[in-house]
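In what follows, a single structure is set out as structure tokens and then discussed.
What follows is calculated from the coordinates using simple rules that are stated; it is not laboratory data. Because the structure is a prediction, the values reported are computed rather than measured. In this analysis, Cβ positions are derived from the backbone assuming ideal geometry, glycine residues included, and neighbour counts consider all displayed protein chains.
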């Protein structure tokens, strides 16, 4: 299993949190509200493509909305492998923070 970059982790986390409502606009909004950073759509879709290639998300396309010129949406769903990747990232951060805290206490 590949390690996640911070940006991949943020986007994968948003897909997991949004459940059945995870598509480009909602993912971008969720990440932006959480991090106070705005990701360009090109960056967002590039990372979603990488996450799909790694097997962390599955992309499905909806039927077009029933209005003239209605467009389809690409929805994303986290896989078991994606959940495992998020859990591994969280465990690593916990280990690092615990070691950092222990070292800081020893210095004082």
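In table form, for the structure just shown:
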| quantity | calculated |
| --- | --- |
| C-alpha long axis of helix 24-35 to longest principal axis of the chain, angle in ° | 30 degrees |
| From the C-alpha gyration tensor of the chain, square roots of 5λ in Å | 33, 15, 10 |
| GNM top mover of 51, 86, 33 - the chain, alpha-carbon springs below 10 Å | 33 |
| Distance between the range 45-64 and the range 68-91 - C-alpha centres, whole angstrom | 7 Å |
| Folded to 0 to 90 degrees: helix 41-54 orientation relative to the chain principal axis, Cα | 80 degrees |
| Spin-label pair residue 32/residue 91, simplified geometry with 7 Å Cα→Cβ offset, distance in nm | 3.5 nm |
| Over the chain: helical MRE at 222 nm, DSSP H runs n ≥ 4 each giving -39500 (n - 2.57), nearest 500 | -20500 deg cm²/dmol |
